[in-house]
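To start, the structure under review is shown below, and the notes come after it.
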Amino acid sequence: MIRRILGLAAVLLLALAAQAQQFPSKPVTLIVPWPAGGSTDIYFRKLGEITARHLGQPLVIENRPGGSGMNGPATMAKTAKPDGYTISQLAISAYRMPHMQKVDWDPINDFTYIIGLAGYTFGIVVRSDSPFKTFNDLITYARANPGRLSYATPGTGTSLHLAMEEIAAKAGVQFLHIPFKGYADGATALLGGHVMVQVDSTGWARQVDAGTQRLLATLGDKRTRWNAPTVKELGVDTVSNSPFGLVGPKGMPRETVKVLHDAFRKSLEDAEYLKVLAQLDQPGWYMSSDDYARWAVEMLKAERATIERVGLLLK
């Protein structure tokens, strides 16, 4: 009897191992929770193309914008099977929104953490014909015209929104926040004259390089290839780069997570990937599955202080 039970257990283990080895046997959907055309979309299309070679299956990019980057991953968490065939980028807004409003998802328990990938270079841009030539011009205008300097971001509670609110608080001015679903909508509003400023990641790189937009300042801790000053060096003690990674629905098998992690990990060393990082001026931010999950727990705690500092804490 014992021998029979042991035999059945061995068969079951072999079956599970075979199942894990078979993953993936079809394309994997990778949700980008921002519109097409922005820096995140550009980044993931190239990363997906490279990772497909290591995974042995195509990665299908699905843009699902909205909710300050949380519509895509939150919907995935509620509806997708935890089989590894649907994964999503998770932005840092996941750790802020629960402190700002009621949400029907849990940033820790509703996701399986796969890999930490990269961060962003954030910049403050205007049209090339804007009267604002420097970051200090913005502050001077905002001080003389409280609440009239309009700026576009990819959503309420995003790093860009919070950074600008922190800048406003520290500079003693008021801005007018206009949230959009992503970079492309904000850029259209800027070029159409509907907002005065756009604050976003490096989707603006081509426009700045072409001279149709002017980069006034960046929000990181050092200058980038455009050599615009950082907000910090201009006297406002604010730094933001918003690291992100990939997650799946909760309950994914550890073997499946490892297959995905290892495929993406190889891609992070690919010359084509490093070229895209350089073009977008994005900092690398690799984290293993376990480290990424531990970081998320700490970030959820830390972001409460950020939200409280800018006066957006849910009451």
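Looking at the structure I just gave you, is VAL60 open to solvent by 40 Å² or more (accessible area, probe 1.4 Å), at pLDDT 95 or above and over 22 Å from ASP281 (Cβ atoms)? Steps first, answer last, please.
Values: open to solvent by 40 Å² or more (accessible area, probe 1.4 Å): yes; at pLDDT 95 or above: yes; over 22 Å from ASP281 (Cβ atoms): yes.
Yes, satisfied.
Within region 203-220, can you find the residues that are of a type outside the set (A, V, I, L, M, F, W, C) and out of contact with any strand residue (DSSP E or B) (no Cβ under 7 Å at 6 or more places or on another chain)?
To start, the set of residues in region 203-220 that are of a type outside the set (A, V, I, L, M, F, W, C) comprises 203, 206-207, 209, 211-214, 218, 220.
The answer is GLY203, ARG206, ASP209, GLY211, THR212.
If the Cβ limit is 9 Å and pairs must be 6+ apart or interchain, which residue in region 291-310 that is more than 12 Å from PRO107 (Cβ to Cβ) pairs with which residue that is open to solvent by 60 Å² or more (accessible area, probe 1.4 Å)?
Short answer, once both residue conditions are applied: ILE307/LEU314; ARG309/ALA169; VAL310/ALA169.
Report, by residue number, each residue of region 266-283 that is open to solvent by 60 Å² or more (accessible area, probe 1.4 Å) and in contact (Cβ under 8 Å) with a residue 60 or more places away in the chain.
If the condition is that a residue be open to solvent by 60 Å² or more (accessible area, probe 1.4 Å) and in contact (Cβ under 8 Å) with a residue 60 or more places away in the chain, then LYS266, GLU272, GLN279 are the ones that fit.
Give the residue, chosen from LYS81, LYS170, that is more than 30 Å from GLN22 (Cβ to Cβ) and basic (Lys, Arg). Give the derivation first.
Values: LYS81 fails: more than 30 Å from GLN22 (Cβ to Cβ).
Just a single option satisfies the conditions, and that option is LYS170.
So, in region 297-315, exactly how many residues are touching a Leu at 6+ places or on another chain (Cβ under 8 Å) and either open to solvent by less than 60 Å² (accessible area, probe 1.4 Å) or of a type in the set (Asp, Glu) (or both)? Working first, answer last.
We begin by selecting, within region 297-315, every residue touching a Leu at 6+ places or on another chain (Cβ under 8 Å); these are 304, 306-307, 310, 312.
Filter once more, so that each one left must be either open to solvent by less than 60 Å² (accessible area, probe 1.4 Å) or of a type in the set (Asp, Glu) (or both): 306-307, 310, 312.
Of the residues in region 297-315, 4 are touching a Leu at 6+ places or on another chain (Cβ under 8 Å) and either open to solvent by less than 60 Å² (accessible area, probe 1.4 Å) or of a type in the set (Asp, Glu) (or both).
Considering every residue within region 120-135, establish whether at least one is within 25 Å of LEU312 (Cβ to Cβ), within 24 Å of the chain's Cα centre (by Cα), of a type outside the set (Asp, Glu) and in a helix (DSSP H, G or I). If you could, list the steps in order and put the result at the bottom.
Pass one, region 120-135, residues within 25 Å of LEU312 (Cβ to Cβ): 120-125, 135.
Next cut, within 24 Å of the chain's Cα centre (by Cα) only: 120-125.
Checking which are of a type outside the set (Asp, Glu) leaves us with 120-125.
Those left that are additionally in a helix (DSSP H, G or I): none.
Among the residues of region 120-135, not one is within 25 Å of LEU312 (Cβ to Cβ), within 24 Å of the chain's Cα centre (by Cα), of a type outside the set (Asp, Glu) and in a helix (DSSP H, G or I), which makes the answer no.
Could you figure out which of (1) farther than 21 Å from PRO27 by Cβ; (2) open to solvent by 50 Å² or more (accessible area, probe 1.4 Å); (3) in contact (Cβ under 8 Å) with a residue 24 or more places away in the chain; (4) not hydroxyl-bearing (Ser, Thr, Tyr) isn't true of PHE244?
Result: PHE244 passes all but (2).
Confirm whether GLY123 is buried (at least 16 other Cβ atoms within 10 Å of the Cβ), within 22 Å of LEU246 (Cβ to Cβ) and not β-branched (Val, Ile, Thr). Explain how you work it out, then say what you get.
Values: buried (at least 16 other Cβ atoms within 10 Å of the Cβ): yes; within 22 Å of LEU246 (Cβ to Cβ): no; not β-branched (Val, Ile, Thr): yes.
Taking the combined requirement at face value, the residue does not satisfy it.
In region 63-95, how many residues are within 30 Å of HIS177 (Cα to Cα) and either in contact with a helix residue (DSSP H, G or I) (Cβ under 8 Å, 6 or more places away or on another chain) or open to solvent by less than 20 Å² (accessible area, probe 1.4 Å) (or both)? Outline the logic, then answer.
Filtering region 63-95 for residues within 30 Å of HIS177 (Cα to Cα) gives 63-77, 88-95.
Going one step further and asking which of them are either in contact with a helix residue (DSSP H, G or I) (Cβ under 8 Å, 6 or more places away or on another chain) or open to solvent by less than 20 Å² (accessible area, probe 1.4 Å) (or both), we end up with 63-70, 72-74, 76, 88-95.
Selection size over region 63-95: 20.
Restricting attention to region 166-180, and to residues there that are touching a Pro at 6+ places or on another chain (Cβ under 8 Å) and not polar (S, T, N, Q), which single residue is farthest from ASN136 (Cα to Cα)? Walk me through how you get there before you give the answer.
Going residue by residue through region 166-180, those that are touching a Pro at 6+ places or on another chain (Cβ under 8 Å) are 173-174, 179-180.
If we keep only those that are not polar (S, T, N, Q) as well, we get 173, 179-180.
Working: VAL173: 12, PRO179: 23, PHE180: 25 Å.
If we take residues in region 166-180 being touching a Pro at 6+ places or on another chain (Cβ under 8 Å) and not polar (S, T, N, Q), then PHE180 is farthest from ASN136 (Cα to Cα).
Return the residues of region 164-204 that are open to solvent by 50 Å² or more (accessible area, probe 1.4 Å), without any contact (Cβ under 8 Å) to a residue 60 or more places away in the chain, out of contact with any Lys or Arg (no Cβ under 9 Å at 6 or more places or on another chain) and assigned to a loop (DSSP other than H, G, I, E, B); say none if nothing qualifies.
PHE180, HIS194
Give, as residue ranges, the strands (runs of 3 or more DSSP E) completely inside region 45-119 that count at least 3 residues that are in contact (Cβ under 8 Å) with a residue 60 or more places away in the chain. Quick ask: steps written out before the conclusion?
Working: elements: 59-63, 86-90, 111-118.
In region 45-119, the matching strands (runs of 3 or more DSSP E) lie at 86-90, 111-118.
The values are calculated or read from the model by the stated rules, or taken from the named source; none is laboratory data. All values reported here derive from a predicted model rather than from experimental measurement. Reconstructed Cβ throughout: ideal geometry from the backbone, glycine too, with neighbour counts over all protein chains shown. For accessibility, only protein heavy atoms count, side chains too; no ligands or nucleic acids. Shrake-Rupley method; radii C 1.70, N 1.55, O 1.52, S 1.80 Å.
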